[in-house]
Amino acid sequence: MANVILKNLIKRYGSVTAVDNLNIEIRDREFAVLVGPSGCGKTTALRMIAGLETVTSGDIYIGDTLVNDMAPKDRDIAMVFQNYALYPHMNVRDNLGFGLKMRKFSKTEIDRRVQEAADILGIHDLLERKPKELSGGQRQRVAVGRAIVRKPKVFLFDEPLSNLDAKLRVAMRAEISKLHRRLGATIVYVTHDQVEAMTMADRIFIMHNGTLQQSGMPLDVYNKPANRFVAGFIGSPAMNFIETRLVREKDTWFIASEGFKVRLPEAFYPRVEPYADRPVIFGVRPEDMEEHDPATGSDSGNTLTVQAEVVETLGFEVFVYLTCGPHALVARMEVPKHPLTVGQTLEVDLKMAQIHLFDRETSQTIV
């Protein structure tokens with residue numbers, strides 16, 4: 001296996017910059033996920049690693065080798081595509097072994113590697129079938145198996161689960177994660193699905209408009225987003241954002257907007273000092289809102305009066321779409337003892353230690 005380094009990587013198509021000065025180091029045996037919305041440059045970056053796209057400027061290293069001018073077949077990588085790219089006229093056995101056959105491996109070695117991949121993926125009973133006789137999940141396994149038999153330095157996955165139904169995607173996420181642990185492989189995985197990124201990655205690299213916004217372990221990025229884009233992209237449902245103003249009254253700081261006013265924790269005071277009486281973006285995640293318990297007292301300074309507009313009960317939890325004055329919010333709560341009804345007025349408490357504030361001009365995180 002090997003590490004992968006992208007140094008000052010740029011890719012332009014005419015006047016359009018798809019990847020802009022991307023600097024990433026993926027460690028040996030790491031499961032790295034490039035995640036972001038469509039058009040952010042993540043697949044373009046992956047295809048440059050694979051050698052399927054030329055580099056406008058910058059360098060790509062696989063291990064200690066500069067691979068910018070190296071043909072894809074010489075980079076010792078294996079790629080799993082979104083559409084699986086299986087040969088329809090070949091059975092599974094021949095699909096798995098075709099790449100090795102082109103590289104002049106012996107029949108004995110090809111058979112050995114195909115059997116090994118079939119053992120890992122549990123597809124022995126599929127070896128004589130044609131791709132048209134397979135389900136989507138089975139085709140995905142075969143596509144992964146074709147990469148495994150190569151025994152490459154680096155595995156590249158380009159949104160391999162996007163064609164599967166929701167239940168099968170969940171199952172295959174677990175399968176690919178187990179495969180990574182078993183092979184000890186370096187994996188670069190591209191997806192637009194932040195749930196995939198959060199559940200599978202050792203580290204995630206969040207991209208937007210061709211640039212890297214933030215990288216880190218999934219929970220670190222979730223808890224400490226670098227800017228408003230990352231905060232809104234990571235997490236489901238997305239973080240709530242409201243334009244507010246920081247107000248100081250004597251020695252106490254408040255976040256104020258039409259329809260609500262809440263008190264800031266004292267731990268935030270040093271960081272908000274430069275923003276006195278300035279507009280800021282207030283952010284709170286849906287799970288950091290809970291129905292107010294009158295037993296806790298009514299002067300906590302973090303309670304909002306809201307109205308329920310939509311209630312989505314999911315069994316073990318409920319999503320409540322709320323209005324607070326002119327502001328729309330989503331709360332993710334435990335199922336209440338007394339069912340909520342549309343139009344109901346209720347009070348919700350904010351977990352103020354978990355709220356976020358963002359600079360309105362730069363979108364960078366304040367707290």
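The values are calculated or read from the model by the stated rules, or taken from the named source; none is laboratory data. Because the structure is a prediction, the values reported are computed rather than measured. So basically every Cβ, Gly included, is an ideal-geometry build from the backbone, and we count neighbours across all protein chains shown. To get the accessible areas, we keep the full protein, side chains included, count just its heavy atoms, and leave off ligands, DNA and RNA. Shrake-Rupley method; radii C 1.70, N 1.55, O 1.52, S 1.80 Å.
Summary of values
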| item | result |
| --- | --- |
| Leading residue by the ranking (nearest to residue 79 (Cα to Cα)) among those in the range 3-19 that are open to solvent by less than 10 Å² (accessible area, probe 1.4 Å) and in contact (Cβ under 8 Å) with a residue 60 or more places away in the chain | 4 |
| Members of the range 61-111 that are over 23 Å from residue 130 (Cβ atoms), part of a helix (DSSP H, G or I) and open to solvent by 60 Å² or more (accessible area, probe 1.4 Å) | 73, 74, 108 |
| Given (1) under 24 Å from the mean Cα position of the chain (by Cα); (2) open to solvent by 10 Å² or more (accessible area, probe 1.4 Å); (3) modelled with pLDDT of 95 or more, index of the condition residue 22 fails | (2) |
| Selection status of residue 43, part of a loop (DSSP other than H, G, I, E, B), at pLDDT 95 or above and of a type in the set (S, T, N, Q) | no |
| Output for the range 253-294, where each listed residue is in a strand (DSSP E or B) and basic (Lys, Arg) | 261, 263 |
| Tally of residues being surrounded by fewer than 13 Cβ atoms within 10 Å (Cβ to Cβ) and under 31 Å from the mean Cα position of the chain (by Cα) across the range 281-316 | 5 |
| Positions within the range 194-232 being closer than 24 Å to residue 180 by Cβ, open to solvent by less than 40 Å² (accessible area, probe 1.4 Å), of a type outside the set (S, T, N, Q) and in contact (Cβ under 8 Å) with a residue 40 or more places away in the chain, in sequence order | 196, 197, 200, 201, 203, 204, 205, 206, 207 |
| Conditions (1) in contact with a Ser or Thr (Cβ under 9 Å, 6 or more places away or on another chain); (2) modelled with pLDDT of 90 or more; (3) closer than 23 Å to residue 268 by Cα; number of the one not met by residue 301 | (2) |
